[in-house]
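What follows draws every value from the coordinates through simple rules; no lab data is involved. These numbers were taken from a predicted model, which means no experiment stands behind them. Don't worry about glycine lacking a Cβ; one is built from the backbone with ideal geometry, like all the others, and counts go over all protein chains shown.
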Amino acid sequence: MDTATRRKLAVERAKVMEIVTDIFRDKLPELTPDEDPEIRKRCGYCEQPGKNHCARCKNALYCSRECQVKDHPLHKTLCKTYDDFTDAKRPSKSHVRAILFPAAETTPKLVWIEQKVAEGKTTIYADKHLGRYRYRMTFNLTSVNANLQVIGRETIGHGLVGLSESNCPAPGCVLNKSYMALGEPAHMMPRFGNLIFLATKPDPAFKGHNVVLADVNLRDHRHALDNLQLYEMNHAAGPPERLATLTEPIETMPALLIHGDGAYMRWNALPRAPVQRMQKLTTRLTVVSKRNGHQAIEQDHAVAARQVGLDWFFRCYAIDTHGWAEADVTPAALRNDAARHLVPRAPTYNLRRNERLGLKVDILDDGEPDYMQRAYPHVGSILLLERSGAVLEPEHVEVLNLFMDCVAPYNEDGARTDRVDERDLYVGPGKCGKEEAAAAFKKFWDEWKRGQAARGISVDHLVSPYELKGDVDPGKVMVATMMNKVRRGVEVVDQRAAQDGIEQGQKGYTWRL
């Protein structure tokens with residue numbers, strides 16, 4: 001490497017560290033608790049008082065053999081190298097132990113991070129783990145303490161922060177394989193570039209105005225993963241075994257995640273078993289639908305299900321919450337053929353929805369006939385919910401799609417309006433209405449099951465969609481849906497008022513839900 005290149009890299013690294021240092025000084029002092037050694041000795045899995053150390057690393061504590069077994073798949077990724085990160089191997093007093101999730105590797109690892117503290121300013125030298133200066137606008141800092149408090153982890157005994165290179169695929173900033181390999185696709189919100197988790201504590205000389213780094217312990221590995229998996233904007237509420245350890249349970253319900261084409265290809269590109277197009281999971285009953293000042297989640301009645309008398313709901317998340325950069329917002333990535341009869345098809349509805357979710361308004365394919373654009377909405381991945389919290393099977397969606405394709409010739413495919421999806425369904429010449437549609441679909445379902453059985457395919461476990469029963473209060477699902485519509489209506493009013501230069505609340509505007 002010549003002298004000019006070395007100087008250029010040195011300048012870039014200095015700028016990266018200046019940004020990281022400024023982020024730490026601006027955001028962390030008020031979020032960093034005092035260190036509590038007793039809390040840090042809690043079980044690495046369930047937060048009960050720890051009794052026994054891991055025999056190999058002597059760092060992780062567990063309350064029981066059962067918790068140690070449950071934690072082992074995660075713990076073993078760092079346990080085997082812990083001997084290289086003890087005090088005896090510390091490069092200097094200014095180095096601290098941290099956890100790195102490298103983007104290009106398949107497992108996380110421990111690393112040494114150097115810090116220099118002087119006059120109330122902590123400089124962190126993590127530049128070789130945080131890419132180059134081109135990511136400077138995408139750095140993201142997360143307070144693990146604040147996020148875990150939301151899900152019932154009141155304290156972890158010290159400060160813990162996550163620093164990521166990007167939340168979306170910036171040029172050259174790839175999907176983080178070492179993080180994604182730790183869970184099922186439905187439980188993992190995409191992360192890009194390297195992730196570093198650092199322990200912090202108040203600067204004793206400038207408490208409340210500066211923080212310094214401390215060593216992470218292997219219990220923090222679990223906290224880091226909980227912070228990423230249990231994030232409230234994930235499709236999944238989190239792995240069921242982790243949800244069971246929360247002191248303040250999250251209200252959840254079963255759901256069916258239907259991957260859009262882009263997400264389906266993304267997950268199958270990772271080194272793991274093939275991902276199914278439809279995947280069952282546990283999601284939050286209600287979710288925060290406001291993010292950065294705009295509607296982040298659309299929840300509404302599933303169109304075809306409603307037309308045949310079924311209470312199904314779809315939930316569509318803002319594209320940017322799941323790692324889609326602006327360049328990725330294309331018909332090819334957001335096409336979802338399996339959802340073609342579930343989400344509204346009216347062009348104006350989709351255009352307004354796309355604007356609210358931050359999508360390009362010209363998302364439709366110019367090369368396709370107009371009716372094809374309506375029949376294959378570009379919505380990305382969606383969640384499908386049943387009103388009572390019953391478990392929906394992929395076959396329920398597949399058979400409903402087959403039925404809707406069969407009755408398509410009886411239904412007008414001409415000019416569409418916003419209310420087209422609330423029309424009664426024609427299921428034959430002169431046969432129109434919910435009761436007729438429900439009867440026709442029940443018959444179709446029974447015939448489909450008989451056909452599968454005749455082919456030697458076992459379908460005895462599949463219950464009719466009309467006989468599904470769950471244990472969730474249906475009223476809560478309806479309230480969540482209606483509140484979403486109200487928020488959406490308020491935003492439409494605000495947008496129209498802003499466009500016309502009229503203050504919110506002035507006469508002449510009404511909510512249109």
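With the cut-off at 32 Å, tell me which of the pairs Lys280/Lys476; Lys70/Lys207; Lys15/Lys41 have Cα atoms farther apart than that.
Where the Cα-Cα span goes over 32 Å, the pairs concerned are Lys70/Lys207; Lys15/Lys41.
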*asked:* Only counting other Cβ atoms within 10 Å, I'd like Arg455, Arg315 sorted with the fewest neighbours first.
replied: Arg455, Arg315
*Cα-based Rg of the stretch 9-229 per 2.2 N^0.38 Å, rounded to two decimals?*
0.98
*Taking 1 over the mean of 1/r across every pair of different Cα atoms in the stretch 151-295, what Kirkwood radius in Å do you get?*
17.2 Å
*Exposure proxy check: Leu141, Leu78 ranked by fewest other beta carbons within 10 Å?*
Leu141, Leu78
*Take His301, His209, His95 and order them by how many other Cβ atoms sit within 10 Å, fewest up front.*
His209, His95, His301
_Straight-distance crosslink candidates among lysines, where the alpha carbon sits under 29 Å from Lys431 and sequence neighbours closer than 8 are dropped_ = Lys442, Lys443, Lys449, Lys469
